[in-house]
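Undergrad: My structure is below; once you've seen it, I'll send some questions.
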Amino acid sequence: MNVINDPNLMLNFIDGQWRPSSEGSTFPNTNPADTRDVIGLFPDSTAQDALDAIESAAKARQPWESLGSIKRGDILFRAAEVLSRRKEELASAVTREQGKCLRESRGEAQRAIDILRYIAGEGRRLSGSTLPADEARSMALTWRKPIGVVALITPWNFPLAIPVWKVAPALLSGCTAVLKPSPLAPLTAALLVDIFTEAGVPAGVLNLVQGDKAPGETLSNHPLVRGISFTGSLGVGLAIQQAAAPRLARTQLELGGKNALIVLADADLDLAADAILHGAFGQAGQRCSATSRVVVERTVREELVGKVLSRIGELTIGDPTKESTRLGPVVNLDRLTACVRAIEQASDSGAVIRTGGKIADEGGLIHGFYMEPTLLTDVAPDSELAMEEVFGPVLAVIDAENFAHAMAISNSVKYGMSGTIFTNNRAHIYDALESFEAGMLHVNRPGVGAWPHMPHMGAKLSQYGAPECSPETWDFYMEWRSACISFLA
């Protein structure tokens, strides 16, 4: 499963050249499913590396903008074809360095292809308006222009799809970019940059800087960077916002989530149980839109919990490269420790562990970061487990008296990424759509994300700035111009 055939992929990519960190320092990238497997040593980039990438992007800006959105879209279409051809290579890389099951990685690769094709097609639809003029022999019109150099800072949990849904609109709009992926997923980002380069993206238009804090802070603070698109934790997002504010740089921030799935007494409980399993334990619970809370009417709680427990018992934990595996590892030891700590704290506060709750190591035979799928009942709605993101395969079940009570519990957290309800009551469906304080809503289906052509967005502290994966994203990457024109002859 060694997908590295080119040593360049373990370098930065600046001004069309693969090159090491300016100081030559590196960090190891380790397989979370088997820590004995060191994937490679990647550049631990410095502030100077980030500065070089910014300057490269600034130099390439004008020629790339002048190319026009239709030709830029043609390049993105070619990138989608290359990505399709290399889909299995990308999926293998995602699984090896992030740990999600190979079937999930293939799904992520297909989503990346779908998003890339969708954005490429927007090259013929980036339009403004022709407006009435106040004067005779005059006309008025509006159009969009790219904002310039943008920094794209991406997380480890979707190391392919999220970079695609940032890089594609950045390039289509005419911006030039510096991509800084998570140090937990450097290989997938390098493969993606290689794909865009193969598709014909010119030197300097898309740059890649690996590493952690030093390049991230430089990108956030540099005056030539006119926009920062970030997906990650609330704390880092707030720091980026504070860094960008003094120079009025734009930010697009997708942050945490603590998502509720409401189950009312009239719901199809089997359908709800299937959705809960997918939402809570798919990708080992490491999604911003993961189902981390089930808020269920008390009268059907035990019946629903029994159905979910039965499904959890059928999950195969282990090697994510095997087709039979349904639950892979969490991404690193910090994440594993956070899961255990959250479960212990909830148990000490009165929650009941109905299954799981421990690290899965099979007597020391497992060499990765595996957490048992865990379900807890009797979770207080204001407890830490109910309010704070865990980002692992840990599900809190919270009792509600009725629809209104369930909705109040759902909206009681500071986040608002996703909201889901299972019910056959039409009035409750429409009331829920009006009442959820969340960006992506679902009815009688799993509550994880949206389709590729729909806005990916949250509410409250889950989101700041324009949505992604939709025409609304141009409000981040582009700015408006207007013109009043009088005819001289």
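The values are calculated or read from the model by the stated rules, or taken from the named source; none is laboratory data. Everything numeric here is computed off the predicted structure, so don't read it as measured data. All Cβ positions, glycine included, derive from the backbone under ideal geometry; neighbour counts span all protein chains shown.
Undergrad: Residue check: is Ile153 in the same structural domain as Ile70 (by TED's automatic domain parsing), crowded, with 22+ Cβ neighbours inside 10 Å and among the hydrophobic types (A, V, I, L, M, F, W, C)?
TA: yes
Undergrad: Here is a further query. On the basis of being touching a strand residue (DSSP E or B) at 6+ places or on another chain (Cβ under 9 Å), of a type outside the set (D, E, K, R), modelled with pLDDT of 95 or more and within 23 Å of Pro373 (Cβ to Cβ), does Ala280 make the cut?
TA: Yes; evaluated as a whole, the condition is true for this residue.
Undergrad: Among the numbered criteria (1) in contact with a Gly (Cβ under 9 Å, 6 or more places away or on another chain); (2) crowded, with 24+ Cβ neighbours inside 10 Å; (3) within 30 Å of Thr325 (Cβ to Cβ), which single criterion is violated by Ser410?
TA: Tallying (1) in contact with a Gly (Cβ under 9 Å, 6 or more places away or on another chain); (2) crowded, with 24+ Cβ neighbours inside 10 Å; (3) within 30 Å of Thr325 (Cβ to Cβ), Ser410 fails exactly one: (3).
Undergrad: Which of the residues that make up region 438-455 are at pLDDT 95 or above and under 19 Å from Gln252 (Cα atoms)?
TA: Result: Ala438, Gly439, Met440.
Undergrad: For region 122-140, name all the residues that are in a helix (DSSP H, G or I) and loosely packed, with under 14 Cβ neighbours inside 10 Å. First the steps, then the outcome.
TA: Step one: of region 122-140, the residues in a helix (DSSP H, G or I) are 122-124.
The answer is Arg124, and nothing else.
Undergrad: Select the strands (runs of 3 or more DSSP E) contained entirely in region 385-489, then report the ones holding at least 2 residues which are not assigned by TED's automatic domain parsing to the domain that holds Gln345.
TA: Working: elements: 394-400, 418-422, 440-443, 478-486.
It comes to 478-486.
Undergrad: Next question, about the same structure. With the requirement that a residue be among the basic types (Lys, Arg) and closer than 22 Å to Leu385 by Cα, what does region 405-446 give you?
TA: The answer is Lys414, and nothing else.
Undergrad: Given the conditions (1) touching a helix residue (DSSP H, G or I) at 6+ places or on another chain (Cβ under 6 Å); (2) without any contact (Cβ under 8 Å) to a residue 60 or more places away in the chain; (3) crowded, with 19+ Cβ neighbours inside 10 Å, and given that Gly439 satisfies all but one, which numbered condition is not satisfied?
TA: With respect to (1) touching a helix residue (DSSP H, G or I) at 6+ places or on another chain (Cβ under 6 Å); (2) without any contact (Cβ under 8 Å) to a residue 60 or more places away in the chain; (3) crowded, with 19+ Cβ neighbours inside 10 Å, Gly439 is out only on (1).
Undergrad: Next up: Would you call Leu131 farther than 22 Å from Ile14 by Cβ and in contact with a strand residue (DSSP E or B) (Cβ under 9 Å, 6 or more places away or on another chain)?
TA: yes
Undergrad: What residue, among those in region 214-269 that are among the charged types (D, E, K, R), surrounded by fewer than 18 Cβ atoms within 10 Å (Cβ to Cβ) and in contact (Cβ under 8 Å) with a residue 60 or more places away in the chain, is farthest from Cys288 (Cα to Cα)?
TA: If we take residues in region 214-269 being among the charged types (D, E, K, R), surrounded by fewer than 18 Cβ atoms within 10 Å (Cβ to Cβ) and in contact (Cβ under 8 Å) with a residue 60 or more places away in the chain, then Asp266 is farthest from Cys288 (Cα to Cα).
Undergrad: Of the residues Ala140, Ala161, Ala80, Ala112, which is on the phi < 0 side of the Ramachandran plot, of a type in the set (Gly, Ala, Ser), modelled with pLDDT of 95 or more and in contact with a strand residue (DSSP E or B) (Cβ under 7 Å, 6 or more places away or on another chain)?
TA: On the way: Ala161 fails: in contact with a strand residue (DSSP E or B) (Cβ under 7 Å, 6 or more places away or on another chain); Ala80 fails: in contact with a strand residue (DSSP E or B) (Cβ under 7 Å, 6 or more places away or on another chain); Ala112 fails: in contact with a strand residue (DSSP E or B) (Cβ under 7 Å, 6 or more places away or on another chain).
Residue meeting the stated conditions: Ala140.
Undergrad: Looking at region 21-60, which of its residues are surrounded by 19 or more Cβ atoms within 10 Å (Cβ to Cβ), in contact with a Gly (Cβ under 7 Å, 6 or more places away or on another chain) and among the hydroxyl-bearing types (Ser, Thr, Tyr)?
TA: Of everything in region 21-60, those that are surrounded by 19 or more Cβ atoms within 10 Å (Cβ to Cβ), in contact with a Gly (Cβ under 7 Å, 6 or more places away or on another chain) and among the hydroxyl-bearing types (Ser, Thr, Tyr) turn out to be Ser45, Ser56.
Undergrad: Give me the residue from region 281-319 that is of a type in the set (Gly, Ala, Ser) and in contact with a Pro (Cβ under 7 Å, 6 or more places away or on another chain) and, out of that set, nearest to Ala360 (Cα to Cα).
TA: Ala284
Undergrad: Do we find a residue being in the same structural domain as Met478 (by TED's automatic domain parsing) and within 19 Å of Val331 (Cβ to Cβ) anywhere in region 191-204?
TA: Within region 191-204 (the criterion being in the same structural domain as Met478 (by TED's automatic domain parsing) and within 19 Å of Val331 (Cβ to Cβ)), the answer is yes, since at least one residue qualifies.
Undergrad: As an exercise: evaluate Val201 against (1) closer than 29 Å to Ser289 by Cβ; (2) crowded, with 24+ Cβ neighbours inside 10 Å and give the number of the one condition it does not meet.
TA: Single failed check for Val201: (1).
Undergrad: Mind listing just one residue for me: the one in region 141-150 that is within 20 Å of Ile54 (Cβ to Cβ) and not aliphatic (A, V, I, L, M) and, of those, surrounded by the most Cβ atoms within 10 Å (Cβ to Cβ)?
TA: The initial filter retains those residues of region 141-150 that are within 20 Å of Ile54 (Cβ to Cβ), namely 145-150.
Remaining after also requiring not aliphatic (A, V, I, L, M): 145-146, 148.
Details: Lys145: 13, Pro146: 24, Gly148: 21.
Once the filter is applied, the top-ranked residue is Pro146.
Undergrad: Identify the single condition in (1) more than 23 Å from Gly439 (Cβ to Cβ); (2) under 20 Å from the mean Cα position of the chain (by Cα) that Asp268 does not satisfy, given that it satisfies every other one.
TA: All conditions pass for Asp268, except number (2).
Undergrad: In addition: Please identify the pairs in which a residue from region 68-88 that is within 15 Å of Ala168 (Cβ to Cβ) and in the same structural domain as Glu108 (by TED's automatic domain parsing) has its Cβ atom under 6 Å from the Cβ atom of a residue that is buried (at least 16 other Cβ atoms within 10 Å of the Cβ) and at pLDDT below 95, counting only partners at least 6 apart or on another chain.
TA: Ser69/Leu126
Undergrad: Follow-up. Does at least one position in region 126-141 carry a residue that is assigned by TED's automatic domain parsing to the domain that holds Trp165, of a type outside the set (Lys, Arg) and within 25 Å of the chain's Cα centre (by Cα)?
TA: Yes, region 126-141 contains at least one residue that is assigned by TED's automatic domain parsing to the domain that holds Trp165, of a type outside the set (Lys, Arg) and within 25 Å of the chain's Cα centre (by Cα).
Undergrad: Please determine, by comparing only the residues of region 225-257 that are small (Gly, Ala, Ser) and touching a Phe, Trp or Tyr at 6+ places or on another chain (Cβ under 8 Å), which one is farthest from Ile147 (Cα to Cα).
TA: Going through region 225-257, the residues small (Gly, Ala, Ser) turn out to be 227, 229, 232-233, 235, 237, 239, 243-245, 249, 256-257.
Remaining after also requiring touching a Phe, Trp or Tyr at 6+ places or on another chain (Cβ under 8 Å): 227, 229, 237, 256-257.
On the way: Gly227: 7, Ser229: 13, Gly237: 20, Gly256: 27, Gly257: 29 Å.
Selected residue: Gly257.
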